[in-house]
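*Asks:* Take this structure first; my questions come after.
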């Protein structure tokens, strides 16, 4: 049976809750769900909107990445020092583009000269309401800081610049595990030949 409409869609569902199950930086909630004739429980980590920025220096053919410690990667892979792209939560009532610029500055010291919205996705809709908005940011990579991060978030990031060829080689070799970075760099691999056109179109908006 074919489904001509592959779009995600709304559903008639009855939720009871939430029941606060604790949490720290993120909330953790439990809901009773009534869907059709079935009733069941589901938990959700409440993260909300997140921006992810692929920073590219078109003149130098480089990307700007960061390293920082991630507990989940340490527990799962014993590889807690992750290679990432800049990313972070959108503040309440904050525009996603403004959040993208803020996160870039906080995590790398750079503010994009051009910022182009690309696409959005939910990385783990079965367990979280995290909604990621991806951007292409055009920067001067020579101005990247050696150390950055928002002190009030206990954040310590180590930005660095790397040739696009090298990072795509690492991607293809399976050396990277941070989901947002993998998705962003896959987009880069698919669209590398058209980056200037995409940036120019974004600047003209």
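Throughout, read-outs are computed from the coordinates displayed, never taken from laboratory work. Worth saying up front: this structure is predicted, and the values here are computed from it rather than measured. Counting neighbours? That spans all protein chains shown, and the Cβs are built from the backbone with ideal geometry, glycine included.
*Asks:* Residue 79 versus residue 169, label points 7 Å from Cα toward the beta carbon: distance in nm?
*Replies:* For the pair residue 79/residue 169, the computed spacing is 1.7 nm.
*Asks:* For the range 114-205, count the residues as N, evaluate 2.2 N^0.38 Å, and divide the Cα radius of gyration by that value, please.
*Replies:* Compared with the compact-globule rule of thumb, the range 114-205 sits at 1.22.
*Asks:* Rank by packing, highest mean first: peptides 116-122, 65-71, with packing defined as the count of other Cβ atoms within 10 Å averaged across residues.
*Replies:* 65-71, 116-122
*Asks:* Relative contact order (percent) for the chain, with alpha-carbon contacts under 8 angstrom and 6 or more residues of separation?
*Replies:* So the answer I get is 21 percent.
*Asks:* Classify the range 73-112 as rounded, prolate or oblate, taking a ≥ b ≥ c as the square roots of the eigenvalues of its Cα gyration tensor: rounded when a/c is under 1.5, otherwise prolate if a/b is larger than b/c and oblate if not.
*Replies:* Verdict is oblate for the range 73-112.
*Asks:* Further question on the same structure: Write down the Kirkwood hydrodynamic radius of the range 29-86, to one decimal in angstroms, obtained as one divided by the mean of 1/r over all alpha carbon pairs. List each step's numbers first, then the result.
*Replies:* Values: mean 1/r = 0.0652 Å⁻¹.
With all distinct Cα pairs of the range 29-86 included, I get 15.3 Å.
*Asks:* Please find the FRET efficiency linking residue 156 to residue 43, where r is the Cβ-Cβ separation and R0 is fixed at 30 Å, and quote it to the nearest 0.05.
*Replies:* Numbers: r = 30 Å, r/R0 = 1.00.
With a Förster radius of 30 Å, E is 0.50.
*Asks:* Now, a different point. Report the Cα centroid-to-centroid distance between the range 25-94 and the range 135-149 in angstrom, as an integer.
*Replies:* Here the answer is 20 Å between Cα centres.
*Asks:* Using helices alone, what [θ] at 222 nm do you get for the chain, with -39,500 (n - 2.57) per DSSP H run of 4 or more residues, divided over all residues and rounded to the nearest 500?
*Replies:* Helices in the chain give a 222 nm mean residue ellipticity of -7500 deg cm²/dmol.
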